[in-house]
Amino acid sequence: MSLFSNTVLASFAATAALLGAPQSASAQTYTLQVLAPFGKLAYAWPEAIDEAGVASGAGRRKNESMYYPVLWTNGRAKVLKNPEQWSFDMARLSAQNNYMVAYAYDRSLSVLWRPDGSITPFASFAPAGEPCGCMALDVDSQGHAVGLAYKNGVQQPVLWTDPALPPTVLPAPAGVSFPEAYRTAANGWVIGFGFGSDGYYSTMVWKDGQLQDMSALSGLTGSIFDDINDHGTAAGSYIDFGRDTEMPMLWKAGQLELLATAQYQGCSVSAINNLDLPVGSCDGRAVIWKDGVPTLLTSLLSADTQAAGWVVELTLAINDQGDILAQVRNTTRQNQDSETYAVLKPISNAGARRLTR
């Protein structure tokens with residue numbers, strides 16, 4: 001979750017004529033579009049993928065402490081203009097329309113990049129001239145952002161409709177501490193989390209600023225959503241103490257849906273698209289729920305991609321075209337001192353495209 005919580009470290013359909021209509025999971029295999037470093041990159045952390053397949057995140061060059069906002073288009077990296085030379089811990093692009101939010105944890109600063117390339121720092125409740133004391137964590141395709149801000153010394157989940165104005169505080173349940181709004185989608189949907197009196201995660205969903213009834217999750221400990229789509233389907237996990245592991249779940253229109261774990265001990269969902277297609281991990285390996293059953297993504301890579309030694313380790317995001325942003329590893333390479341990320345591109349079984357880098 002967010003770095004600010006400091007507890008666990010761990011897009012809007014595009015025009016089908018341009019990108020091709022989405023396919024069902026059962027018809028898909030994948031090849032890799034490895035995200036290339038920019039310059040002498042020491043570390044990169046992509047976070048999201050938009051409907052055009054553009055990945056976004058932050059990266060740092062060798063021998064520098066500064067993190068830059070980065071976009072990867074067709075695997076090639078581009079650093080966004082940053083006139084103030086701020087260092088950002090995270091950068092995240094909207095599903096459509098090219099809005100981006102980024103935050104600098106140590107400066108208590110968050111900014112919005114608009115589609116025209118202009119940059120606006122987020123306002124909050126801090127006095128004029130002082131750091132905003134805020135973190136913008138996600139942005140939708142209209143430029144509305146969510147995150148957290150401090151008001152009267154108390155952390156609050158917030159929604160910005162204009163970054164130049166103080167945000168709206170979203171209601172949180174009584175007894176939940178350190179609440180934050182974490183992800184947003186079209187049609188007014190927002191998810192967030194805080195910490196209950198038992199010290200475990202307590203999850204929240206808002207629709208048009210109104211807190212939704214989460215009674216369907218009663219009895220589940222440590223429930224948390226990692227993503228939500230335009231239809232209000234939230235995806236995440238809860239803790240099963242009997243199995244001492246996480247278990248995957250969806251929340252739709254107030255109803256809980258437990259996902260199958262098949263032969264795996266435990267699973268969690270990290271992302272979901274507008275086709276209600278979830279991806280995540282089971283027993284530490286990346287999966288996609290194919291026909292309701294978790295399937296290892298490595299097993300769905302094209303034959304030449306698997307033969308080249310690639311395995312999929314972690315899923316980060318999925319768009320409506322079926323592109324999956326993931327952490328990958330090449331088993332034929334020694335001394336891999338930094339993570340490698342890639343976009344898994346869906347291909348038909350009859351016409352596999354080759355691995356691109």
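Computed quantities for the displayed model
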read-out	value
Dipole in debye (nearest 20) - the stretch 119-214, about Cα centre, beta carbon charges: Lys, Arg +1; Asp, Glu -1	40
Proxy reagent accessibility, fewest Cβ within 10 Å first, across D116, D283	D116, D283
Around L159: net Lys/Arg minus Asp/Glu count, Cβ-Cβ under 11 Å	-4
Volume of the Cα convex hull of the stretch 245-346, divided per residue and given in Å³	109
Kirkwood hydrodynamic radius (C-alpha pairs) into Stokes-Einstein, the chain, 37 °C and 0.692 mPa s, D in µm²/s	159
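None of the figures in this text is laboratory data; all of them are computed from the coordinates on show. All values reported here derive from a predicted model rather than from experimental measurement. Note that each Cβ is placed from the backbone with ideal geometry, even for glycine, and that neighbours are counted across all protein chains shown.
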